[in-house]
Every structure is written in C-alpha cells, then in structure tokens.
Amino acid sequence: MNAEALYEQLKKFQESKGYFFNKDKDMVLALLESLLFNKDRYGYMACPCRLASGDYEEDKDMLCPCVYREEDVKEFGACFCGLYVSKEWNDETIPHQTVPERRPPEKALAALGLL
Amino acid sequence: MAPHIKVYALSTCIHCKKAKEFLTGQDLTYECVHVDQLTGDERKAIVEEVKKVNPRLSFPTIVIGDTVIVGFQKDDILKAIGAA
C-alpha cells in the first residue's frame with residue numbers, strides 16, 4: 001500500500017469522526033509515508049513525530065491516531081503531527097500554532113528503559 | 001561567528017524536516033542527529049542529552065548556542081541566530 005491509497009482508505013472514515021486531513025496534501029502524504037515506514041520497521045503505525053521504542057505495548061498510546069489527538073484537535077485544531085486537523089484549521093478560521101507535546105515524557109523514558 | 005546549531009530530530013518527523021529546510025534556507029550549517037536511527041547505548045546517551053535540554057523529550061529539539069528551541073518555531077530560530 002502506498003501513501004495515496006492509505007489517504008483514500010482513511011479519509012472518509014476519519015472525516016465521519018470529525019477529523020480532517022490537513023489541507024497541505026504534500027505534508028499529509030509525507031506523514032502517511034512515514035506511518036507506512038514505521039509499520040515496516042516496528043510492525044505498527046507509530047506516530048512519525050514521536051520517538052517509538054519498538055515495543056508495541058509501550059507505544060500503544062502513540063499509535064496513529066494517537067490517544068492525544070482528541071484533546072490536541074479540540075485545543076489547537078490539529079494533532080501533534082499536523083496530520084489530522086479540525087475543519088476550522090483547514091478553513092483558517094483559527095490560528096495555526098505549533099502543538100506542544102502532550103505525551104508524558106515518563107512514557108517515552110519508560111519505554112526506552114531510562115526511567 | 002555563527003553559533004553552533006544542533007538539531008535533535010526524527011527521520012520520520014515532518015516538523016523536523018521543515019525545520020532543517022528552514023535552517024538550510026537561512027544558509028546555516030547545523031549538526032543533525034536522527035534519534036530514531038540510533039540504537040542501544042548510543043540512543044540512550046542521546047536521549048539523556050535531549051532530556052537535559054528538553055525534559056518533554058519532543059522533537060525537533062534545536063539547540064542554537066545556549067538557546068533551546070522546542071518544536072519548529074521560525075521566530076525563535078531567527079531570534080537565536082540574531083537575525084530577528
């Protein structure tokens with residue numbers, strides 16, 4: 001499967017749940033490519049903008065769509081990566097800000113055996 | 001003399017890619033570490049390094065001289081290189 005096919009496969013379903021792909025299609029395709037790359041190397045679609053540990057159990061919260069998407073889109077209109085956004089984000093009726101990392105660092109450190 | 005610039009990044013992260021493109025566009029040279037491509041002790045050492053400057057452990061983390069910039073923030077980068 002390539003990024004374009006994944007785009008088509010996910011688009012309708014995610015929009016039905018109120019999540020839209022960023023209108024910057026090049027960015028979206030690059031992120032989807034990274035998700036496919038992560039699926040190849042880890043076996044699951046770990047978030048491309050977070051450091052995966054390679055351990056599925058430890059990384060479950062950052063499988064795309066991550067558990068932080070809902071709150072990030074609600075607060076900023078975009079998920080941490082900028083892959084999924086609100087309608088308002090795409091319509092530019094809200095400002096585009098850098099979304100800060102919501103994932104607790106302890107989770108990443110524990111997964112890396114550094115806690 | 002331009003400050004030393006180090007970018008802690010992930011090879012799959014779009015914001016990291018855009019940050020590096022921005023730095024290149026400003027004709028700045030920088031050192032880049034793709035943390036996701038490291039393994040074992042090397043990865044742990046670099047993660048400890050990132051943690052010291054950015055306890056959130058998020059990427060990109062950009063260190064320009066003594067300034068730490070978390071995420072791709074153009075204005076902060078320009079300020080840190082004295083261009084703002």
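Pick from B:Ala2, B:Ala45: which is surrounded by fewer than 17 Cβ atoms within 10 Å (Cβ to Cβ) and part of a loop (DSSP other than H, G, I, E, B)?
Sole residue among the options that is surrounded by fewer than 17 Cβ atoms within 10 Å (Cβ to Cβ) and part of a loop (DSSP other than H, G, I, E, B): B:Ala2.
Filter the stretch B:48-71 down to the residues that are surrounded by fewer than 21 Cβ atoms within 10 Å (Cβ to Cβ), out of contact with any helix residue (DSSP H, G or I) (no Cβ under 8 Å at 6 or more places or on another chain) and part of a loop (DSSP other than H, G, I, E, B) and list them by number.
If the condition is that a residue be surrounded by fewer than 21 Cβ atoms within 10 Å (Cβ to Cβ), out of contact with any helix residue (DSSP H, G or I) (no Cβ under 8 Å at 6 or more places or on another chain) and part of a loop (DSSP other than H, G, I, E, B), then B:Asp66 is the only one that fits.
On the phi > 0 side of the Ramachandran plot and within 12 Å of another protein chain (Cβ to nearest Cβ): which single residue out of B:Gly71, B:Gly65, B:Gly82 fits that description?
Checking each option against the conditions leaves just B:Gly71.
Kindly indicate which of B:Val35, B:Val47, B:Val53 is without any contact (Cβ under 8 Å) to a residue 60 or more places away in the chain, more than 20 Å from A:Gly82 (Cα to Cα) and more than 10 Å from chain A (Cβ to nearest Cβ).
On inspection, the qualifying residue turns out to be B:Val53.
Of the residues A:Tyr7, A:Tyr68, A:Tyr44, A:Tyr56, only one is under 12 Å from the mean Cα position of the chain (by Cα) and more than 10 Å from every other protein chain (Cβ to nearest Cβ); which?
Going through A:Tyr7, A:Tyr68, A:Tyr44, A:Tyr56 in turn, just one is under 12 Å from the mean Cα position of the chain (by Cα) and more than 10 Å from every other protein chain (Cβ to nearest Cβ): A:Tyr68.
Within the stretch A:19-52, restricting attention to residues that are assigned to a helix (DSSP H, G or I) and aromatic (Phe, Trp, Tyr), which residue is farthest from A:Pro104 (Cα to Cα)?
The qualifying residue farthest from A:Pro104 (Cα to Cα) is A:Phe37.
Collect the residues in the stretch B:8-20 that are within 12 Å of chain A (Cβ to nearest Cβ) and out of contact with any Cys (no Cβ under 6 Å at 6 or more places or on another chain), keeping them in residue-number order.
B:Tyr8, B:Ser11, B:Thr12, B:Ile14, B:His15, B:Cys16, B:Lys17, B:Lys18, B:Ala19
Restricting to the stretch A:70-110, give me the number of residues that are in a helix (DSSP H, G or I), free of Cβ contacts under 8 Å to residues at least 60 places away in the same chain and either surrounded by fewer than 21 Cβ atoms within 10 Å (Cβ to Cβ) or β-branched (Val, Ile, Thr) (or both).
Going through the stretch A:70-110 one residue at a time, the tally reaches 12.
Would you please list the contacts, defined by Cβ atoms under 8 Å and residues six or more apart or on different chains, that run from a residue in the stretch A:51-66 that is in contact (Cβ under 8 Å) with a residue 12 or more places away in the chain and surrounded by 20 or more Cβ atoms within 10 Å (Cβ to Cβ) to a residue that is among the hydroxyl-bearing types (Ser, Thr, Tyr) and assigned to a helix (DSSP H, G or I)?
A:Ala52/A:Tyr42; A:Asp59/A:Tyr42
Values quoted throughout were computed directly from the atomic coordinates according to the rules given, and no laboratory measurement underlies them. Here the structure is a predicted model, which means the values were calculated and not measured. FYI the Cβ positions are ideal-geometry reconstructions off the backbone, even for glycines, and counts take in every protein chain you see.
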